[in-house]
Amino acid sequence: MKLACTSGALHRQIESGELTQLEFLDLCARDLACDGIVLDVRHFPRTDDDYLAQIKKTLTDRGLSMAALSDSNFFTSSREHMSAVLAWAVALGAPLLAAPLGLEIALPWNDQLERIGTATSLAKALNVTVAVRNAPHTFAATTQDCKRVAKEGDSAWLRYGPEPQLLDAASDPQVLQANTVLLWSDARMQTDRSIAQTAETFSEFRGHLVIDEAGGGASVTSLASSLRAWRVALTRG
């Protein structure tokens, strides 16, 4: 298992201008010593070819992997937006696009399923896998929901990007393991016990575990502490 950080965890600092996207990359490489990063689409000051090439070159120079792009609105957006975000992923060398599904109160399941079909069709054409994130009150809130999405979405370019801490007590994360391509852990919610449980459940997982903070108000200190706890747990394992 490799460790990554998402720019979403530092959203408040980036939104306020205290931290730039390029500075986030340096922070991950220098202070946090991550293996990879996940970039939130909200944080791109530009998306022209020159800027995306600069991001990719900086990642190479810093020894960081581009684990994924993250877009909270991907599965409820237009075809044009989906296509643009997937194109950014290709330009950056990101193999994954991570996104939650829509809220159940926001649109009918058939509409959501239609958008999943559009997303996976576009993703297949560009060879970018879409990792569905579980989240409360969405169409992918539980493991049963996730299995339904995979069954009815019926695409090899549709996989799981679970955050086990957000699953309800009736959910069994083990059933998601075979098709999990990205894992998430919220720095505020994780405990030594939850880390150990996730590490055991996904013991065969070789992708990135992404440290996040749902409110976007993480500090460098809290992210470093979270990463340290994961490194200790993985060393013991």
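The values are calculated or read from the model by the stated rules, or taken from the named source; none is laboratory data. If you're wondering where the values come from, they're calculated on a predicted model, not measured in any experiment. As a convention, Cβ positions derive from the backbone with ideal geometry for all residues, glycine included, and neighbour counts pool all protein chains shown.
Here are some notes:
- From the list Asp168, Asp172, Asp192, Asp186, the one residue that fits, being within 24 Å of Ser65 (Cβ to Cβ) and either modelled with pLDDT of 95 or more or over 18 Å from the mean Cα position of the chain (by Cα) (or both), is Asp186.
- Here the condition is being buried (at least 18 other Cβ atoms within 10 Å of the Cβ), part of a loop (DSSP other than H, G, I, E, B) and of a type outside the set (D, E, K, R); of Ala169, Ala199, Ala218, it holds for Ala218 alone.
- Meets criteria (of a type in the set (Lys, Arg), over 18 Å from Leu183 (Cα atoms), in contact (Cβ under 8 Å) with a residue 40 or more places away in the chain and surrounded by fewer than 13 Cβ atoms within 10 Å (Cβ to Cβ)) for Arg79: yes
- Every residue from segment 18-56 that is touching a His at 6+ places or on another chain (Cβ under 8 Å) and aliphatic (A, V, I, L, M): Val38
- Test for Leu113: is it in contact with a Pro (Cβ under 7 Å, 6 or more places away or on another chain) and part of a helix (DSSP H, G or I): no
- Checklist (1) more than 24 Å from Ala170 (Cβ to Cβ); (2) surrounded by 15 or more Cβ atoms within 10 Å (Cβ to Cβ) applied to Thr142, failing item: (1)
- The single condition among (1) touching a Leu at 6+ places or on another chain (Cβ under 7 Å); (2) surrounded by fewer than 20 Cβ atoms within 10 Å (Cβ to Cβ); (3) farther than 22 Å from Thr235 by Cβ that Pro162 does not meet is (2).
- Pairs where the first residue, in segment 104-128, is on the phi > 0 side of the Ramachandran plot and the second is surrounded by 13 or more Cβ atoms within 10 Å (Cβ to Cβ) and among the aromatic types (Phe, Trp, Tyr), C-beta under 9 Å, 6+ apart: Asn127/Trp157
- Screening Ala119, Ala106, Ala89 for residues that are modelled with pLDDT under 95 and among the hydrophobic types (A, V, I, L, M, F, W, C) leaves exactly one candidate, Ala106.
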